[in-house]
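Engineer: Before I ask anything, let me first share the structure, which is written out below as structure tokens.
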Amino acid sequence: MQIRDICLMREYKFNPKCIFLDLDGTIVDPRQAYFEAAQIGFKAIGQEPPEMKVTFEIPKRMEQGLDLSELVYGDLNKFKLAYLQSYHVLTESKTKLLPNVATALETLSLKAKLALITMRHIPNQMVMKELNCFGIGKYFSSIMTALDTTKPKPSPEAIFKGIQKFNVNSCDCLIAGDSVNDIRAGKAAGIKTVGLLSGLYHHEELAKEDPDIILPDLTKLPVTIY
């Protein structure tokens, strides 16, 4: 963590009424699911899979709509279909709860409404089932997936829906996530933004989006904002 971020942690205090949280890389570790989904996707197009580190570039590029041609040499649409279908199945058994996140969620839920926003294209009931398996579903007042919006993140649509549902002002909300899309969505909605280094993005990548603060992971959020 950079010195600037440490200083911000000491000085930054905020009392949000609603906290929007990402899922993959923020609450759960999806890397094994990413890796196995990539293996299936490459097999579908007859391409030898690259090393694990390279496969983690795929979800980063896909969620930002960036080019995959440097990584995928065969039928790109066929790869994407196989990758996404297998990933959504694999998340049922291959994700892991990030360390000490349950305690952080319990603390945050006592102070604010928690709303989950994920770019996964699956019904929110499936996400709740996953959260309940980890014993954390009870902390969330709302769950929105890509199927609950016409435009997923970085669109602020899901955030605006949450603000309306909880009848709060945008100035009383923040979003915390590991992706540049979380920060972009929060800025588009006019709420506070917190970048987390617990996922696939590096400090430099998140810093380019100019979030209000960058933290190592979600466990640091309760002591930082309250």
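Engineer: Compute the distribution of all C-alpha to C-alpha distances in the range 31-94, in bins of 5 Å from 0, and list the percent of pairs in each, rounded to whole numbers.
Structural biologist: 4, 20, 34, 29, 11, 2
Engineer: Let me ask something else. Over the range 98-226, one equal point on each Cα, no solvent: what is log10 I(q)/I(0) by the Debye formula at q = 0.14, 0.19 Å⁻¹?
Structural biologist: -0.59, -1.18
Engineer: What does the charge dipole of the chain about its Cα centre add up to, to the nearest 20 debye, if the Cβ of each Lys and Arg holds +1 and the Cβ of each Asp and Glu holds -1?
Structural biologist: Dipole of the chain, to the nearest 20 debye: 680 debye.
Engineer: Could you give me D for the chain, from Stokes-Einstein at 37 °C and 0.692 mPa s, where the hydrodynamic radius is the Kirkwood radius over C-alpha pairs? Units µm² s⁻¹, please.
Structural biologist: 184
Engineer: Taking Rh as the Kirkwood radius, which is the inverse of the mean 1/r over Cα pairs, what is the Rg/Rh value for the range 17-128?
Structural biologist: 1.04
Engineer: By how many nm would the segment from Asp172 to Ala146 grow when fully extended, if each residue of separation counts as 0.36 nm and the alpha-carbon distance is taken off?
Structural biologist: On the way: separation 26, 0.36 × 26 = 9.36 nm, distance 2.39 nm.
Residue separation times 0.36 nm, minus the Cα-Cα distance, leaves 7.0 nm.
Engineer: Based on the Cβ-Cβ distance of Lys53 and Gln164, what FRET efficiency does E = 1/(1 + (r/R0)^6) give at R0 = 35 Å, to the nearest 0.05?
Structural biologist: Working from the Cβ atoms, E equals 0.30.
Engineer: Pull out the extension gain between Glu70 and Val89, defined as 0.36 nm times the separation in residues minus the alpha carbon to alpha carbon distance; nm, one decimal.
Structural biologist: Using 0.36 nm per residue and subtracting the Cα-Cα distance, I get 4.2 nm.
Engineer: For a quick protection proxy, order the peptides 122-132, 78-88 by their average other-Cβ count within 10 Å, most packed first. Write down the numbers at each step before the final one.
Structural biologist: Numbers: 122-132: 15.7, 78-88: 18.4.
Output ranking for 122-132, 78-88: 78-88, 122-132.
Engineer: About its Cα centre, how strong a charge dipole does the range 31-94 have in debye, to the nearest 20, once Lys and Arg get +1 and Asp and Glu get -1 at the Cβ?
Structural biologist: About 120 debye.
Engineer: When only C-alpha pairs under 8 Å and at least 6 residues apart count, what is the relative contact order of the range 31-94, in percent?
Structural biologist: Over the range 31-94, the number comes to 49 percent.
Engineer: Points 7 angstrom from Cα along the Cβ direction at Lys96 and Arg61: gap in nanometres?
Structural biologist: Placing both labels 7 Å beyond Cα along the Cβ direction yields 2.7 nm.
Engineer: Continuing with this model, one more query. Where does each of 59-70, 14-25 land if you order them by average Cβ count within 10 Å, highest first?
Structural biologist: Numbers: 59-70: 13.4, 14-25: 21.9.
Those peptides, ordered most packed to least, come out 14-25, 59-70.
Bear in mind that the values in this text are calculations on the coordinates, not laboratory data. Source: prediction; values computed, not measured. Positions of Cβ are generated from backbone atoms using ideal geometry, with glycine treated the same way; all protein chains shown enter the neighbour counts.
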